[in-house]
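Okay, so here's the structure we're looking at.
The values are calculated or read from the model by the stated rules, or taken from the named source; none is laboratory data. These numbers come from a predicted model, not from an experiment. Glycine gets a Cβ as well: all are built from the backbone with ideal geometry, and neighbour counts include every protein chain shown. Quick note on the areas: whole protein, heavy atoms, side chains included, nothing else; ligands and nucleic acids left out. Shrake-Rupley method; radii C 1.70, N 1.55, O 1.52, S 1.80 Å.
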Amino acid sequence: MPSAMGAPQKYVLGLDLGSASLGWAMIALDETGEPTFLLRTGVRVFEPGVEGTSVDIQEGKDQSKAVDRRIARLHRRQLRRRAARQRELFHALQAAGLLPIGESGDKAGALERQALLNELDQSIVFKFSSAANSAADQALFAQMPLYLLRKRALDQALEPFELGRILFHLIQRRGFKSNRNETKKKTKDNEDEGAVKADIHSLEREMQAAGARTLGEYFAGLNPHNPTNDPKLRVRRRWTSRKMFETEFALIWAAQSPYHPSLLTPELRDRVSQLLFFQRPVSAQKHLIGTCELERGDATHPPQ
């Protein structure tokens, strides 16, 4: 920058990079490189690329403007993966002789698979309701046939299709499992997850108090109508853990294996267990972290 006499003026440029502003200042230097006076200053203010107040931004509580779009995309992925798991398990159980095969064979679509399940459910309800000793037992089996069947599977032999039906019931409600290893404290997600885990621990204590070996056995002992409207006595809208379903699957498989040794092979167990409980780990994001062009000599980001 030229001075008043035409000689170039030495200066240093200082920048202040903010989330919604860019400040700058030019400071003149003398011949020894020492600052002497302020040449010019300025600031550019722009819209932040995140949602939240200035206080939220400073405290790290801001959110990306694309968060709604990202959540919707993740939800679509979850639905697609859930449908794929259920389809693969249904076909695996059909191939093993544990579920009926319709007109389309192992290529049945979602509507045909649901029709097969509805028909199987009706036959299960009719079978056990007819054998019930009282009208109350008949009504109970009509309301909660699969939970009562899951309880029966721990001690009594089931027919192959009945066993396949409750295995498919497990994948429809396979419980909560967190993928998080490290998270920031005092975030809304942590608060929500804390409420989920608290509800799960409460359910575990209720199961222990009732002497229930599995989640299915505990739910089978509840009144589906819940006349007192007690949240602790309802079957639906309860947070459950993946560990509960893993334990129940292991106990049911061990109890039913002696009755169906040719069907319940170790290979089938591994395949069914993978489809029931596999969950993709969180993808590593280290490759998204770039090197700093200003601080290039530290150990974590060596010069390239």
3J(HN,Hα) from dihedral phi, segment 212-220, Karplus parametrisation 6.51/-1.76/1.60, rounded to Hz, x for glycine, proline: 7, 7, 9, 5, x, 5, 5, 5, 5
Estimated distance in nm for a label pair at residue 236 and residue 45, the labels positioned 7 Å out from Cα along Cα-to-Cβ: 5.2 nm
Ranked by how many other beta carbons lie within 10 Å on average, peptides 88-100, 205-217, 110-122 from highest: 88-100, 205-217, 110-122
Where labels lie 7 Å past Cα in the beta-carbon direction, separation of residue 119 and residue 13 in nm: 7.6 nm
Spin-label pair residue 254/residue 273, simplified geometry with 7 Å Cα→Cβ offset, distance in nm: 1.2 nm
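Which FRET efficiency value, to the nearest 0.05, do you get for residue 247 and residue 65 by plugging their Cβ-Cβ distance into 1/(1 + (r/R0)^6) with R0 = 30 Å? Spell out each step's value before the answer.
On the way: r = 43 Å, r/R0 = 1.43.
Calculated transfer efficiency: 0.10.
Find how much the distance from residue 126 to residue 30 grows on full extension, using 0.36 nm per residue of separation minus their present alpha carbon separation; answer in nm with one decimal.
Working: separation 96, 0.36 × 96 = 34.56 nm, distance 9.76 nm.
My answer for the length gained is 24.8 nm.
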Translational diffusion of segment 195-253, µm² s⁻¹ [Kirkwood Rh, Cα pairs; Stokes-Einstein; 37 °C; 0.692 mPa s]: 275 µm²/s
Solvent-accessible area of residue 106 with every protein chain in place, 1.4 Å probe, in Å² to the nearest 10: 90 Å²
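Which pairs in the list 151/243; 151/197; 127/243; 107/197; 151/232; 127/151 are over 28 Å apart, alpha-carbon to alpha-carbon? Could you put the intermediate results ahead of the total?
On the way: 151/243 17 Å; 151/197 25 Å; 127/243 31 Å; 107/197 39 Å; 151/232 19 Å; 127/151 16 Å.
The answer is 127/243; 107/197.
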Residues whose placed amide H lies under 5 Å from that of residue 51, excluding near-sequence neighbours: 63, 64, 65
